[in-house]
Amino acid sequence: MKKGKRQKTRQDPLWELLCSVKLTVFLLILLALTSILGTLIQQNAPTMEYIRQFGPGLYRFLNLLGLFDMYHSWWFRGILALLAINILACSSVRFPRIWRRITHPRSEIDKVQNGALPYAEELNRSLLPEEVAEKAFSIIKRMFGKPLVSESSKAIVVFAERGRLTRLGVYITHLSILIILSGALIGSLFGFRGFITIPEGDVVDRVLVRESRGMVPKAMGFQVRCDDFRITYYDVNPQERLVKEYVSTLTFLEDGREVMKKEVRVNHPLAFHGLRFYQSSYGSIPEISLTIVNENQGRDFSLVAHEGERVEIPGSDVFFEVLKYHPQIHDFGEGVAMAIFRPMAMPQRFWLLKVRPIIIDGYQFTLKKVTQREYTGLQVTRDPGVWAVWVGCILLVWGLMVAFFSSHQRMWILIPKGKATVVVSGTANKNRMAFERSFRKTIAALKGAV
């Protein structure tokens, strides 16, 4: 027995911590601060953008902490789970007492007899106890609803209440928060947020999603084609060209068949097969046209490449990659930084200027032209928990209205059989000024009736 008591004592501090309102406030503040951090640090952006912004060392550290996709990180999910446990613990401690008050409405009759309730007044009666009870029944019924009448050898008690279930308002609020947290956890565990860039006329079937190992392509299960991309500008100052709106016309395909064609605009997302597409960015992709001559074979090829794309030279096991396009390299005009890859050899980097071909490892590279091709940038999200969040929000509004704008009001009329007095008592858990007005009206009505 003593061992059991010691074990309970060891568990008490942890249980008290889980039931603490201070822990709730701390977790809510922590969630607010992390949400601010998630707003300051752009989420799910391409890796190279983070490296340019923070540098390689700081990028690796922040990526290790999961700050580039913090809403799917283990520690953010842990905060949500701990907050849910905290709310459950707080509710489990306080709910039984509230439930007893709801299910045993006349449990405070001893306080009525002793005049210990907040509102109590004695009235002199001139009628018989049964007649007083009958009149009190009709008066209370008009103001509070149908009362309950009980009789003993010593007294008759008329009891009425309204708003009994309003005491559950705070627990409706707790339940709504738990539903919202469960929706957030479902979205964090089974949803994702990624990006796709689609040049006009191109088709994509994968979205880039940030994971611990970097940006990973994820199959969407269908294809998206960008049929058109257009930008409109404000007609204010033609030199500044302030963007008013940019719109993408998308066609969704399944097995090569067009299923849906719609426009997506900023703040007007498009939904398809559980995914939502947001217009988030735009830009242009330099399309590099090259001529490559294999001097050993006397063959030449015309190829097109984009930044970051690795292209195989036909008829060989050699690849080249356009690393970066520069519209102006010192005074030599436009050019590209390139790299050539051979089996069992280190990559070889070089500059290719439009004004001057270059020979590398038996291949002559000539930059013919550069065409800027517009693309649309789309944010793609899947959140299977969003409906739980919406249900929780609706329930939260209802719970707050019940908790703050309604009250549980109770009134007892005690009619002793051995005394020529009537004791009227009442109480309300909230909005006592409104209850006091109802109580005074009841007293005035009873004075003229008993």
Protection proxy ranking, peptides 411-421, 396-406, average beta carbon neighbours within 10 Å, highest first | 411-421, 396-406
Out of Gln42, Gln223, Gln364, a Gaussian network model of the chain with alpha-carbon springs under 10 Å gives the largest mean-square fluctuation to Gln364
Could you work out which residue, out of Phe61, Phe319, Phe272, moves most in a Gaussian network model of the chain, that is, has the largest mean-square fluctuation with Cα springs under 10 Å?
-> Phe319
Cα centre as origin, Lys/Arg/Asp/Glu Cβ charges: the chain dipole, Debye = 3620 debye
Taking only the alpha-carbon positions of segment 11-99 and ignoring solvent, what does the Debye formula give for the base-10 log of I(q)/I(0) at q = 0.20, 0.21, 0.25 Å⁻¹?
-> -0.91, -0.97, -1.18
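What are the equivalent ellipsoid semi-axes of segment 183-285, built from the alpha-carbon gyration tensor (square roots of five times its eigenvalues), in whole angstrom, biggest first? Numbers along the way, then the final one.
Numbers: eigenvalues 145, 65, 37 Å².
Ellipsoid semi-axes (Å, largest first): 27, 18, 14.
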What is the Cα radius of gyration of the chain over 2.2 N^0.38 Å, N being its residue count?
-> 1.65
What's the angle, to the nearest 10 degrees (0 to 90), between helix 2-18's Cα axis and the longest principal axis of the chain?
-> 70 degrees
Rounded to the nearest 5, the percent of antiparallel DSSP beta bridges in the chain equals 100 percent
Using θ = phi - 60° and Karplus 6.51 cos²θ - 1.76 cosθ + 1.60, couplings along segment 58-69 (whole Hz; Gly, Pro as x) | 5, 4, 4, 5, 5, 5, 5, 7, x, 6, 8, 8
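Can you put Glu200, Glu16 in order of Cβ neighbours within 10 angstrom, beginning with the fewest? Before the final figure, lay out each step's value.
Values: Glu200 16, Glu16 12.
Fewest to most other Cβ atoms nearby, the residues stand as Glu16, Glu200.
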Compare Pro314, Pro56, Pro118 in a GNM of the chain, Cα atoms joined below 10 Å, and give the one with the largest fluctuation.
-> Pro314
In percent, what relative contact order does the chain have, based on Cα pairs under 8 Å that are 6 or more apart in sequence?
-> 21 percent
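Under a Cβ-only charge scheme (Lys and Arg +1, Asp and Glu -1), can you give me the dipole magnitude of segment 302-450 about the Cα centre, in debye to the nearest 20?
On the way: 19 positive and 11 negative charges, 408 e Å.
Once rounded to the nearest 20, the dipole reads 1960 debye.
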Enumerate the calculated ³J(HN,Hα) couplings along segment 164-175 in order (Karplus 6.51 cos²θ - 1.76 cosθ + 1.60, θ = phi - 60°), each rounded to whole Hz, writing x wherever the residue is Gly or Pro.
-> 4, 6, 5, 5, 7, x, 5, 7, 5, 5, 4, 4
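Send over the semi-axes of segment 115-271's equivalent ellipsoid, whole angstrom and largest first, taken as the square roots of 5 times the C-alpha gyration tensor eigenvalues.
72, 22, 16
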Quote the Stokes-Einstein diffusion coefficient, in whole µm² s⁻¹, for segment 286-372, based on the Kirkwood radius over alpha carbon pairs, a temperature of 25 °C and a viscosity of 0.890 mPa s.
-> 189 µm²/s
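In segment 227-333, how does Rg compare with the Kirkwood Rh, expressed as the Rg/Rh ratio over alpha carbon atoms? If you can, show how the numbers build up before the last one.
Values: Rg = 20.5 Å, Rh = 18.3 Å.
For segment 227-333, the value is 1.12.
We did not get these values from a lab; they are worked out from the coordinates using the rules stated. Note that the structure is a prediction, hence the values are computed from the model and not measured. So basically every Cβ, Gly included, is an ideal-geometry build from the backbone, and we count neighbours across all protein chains shown.
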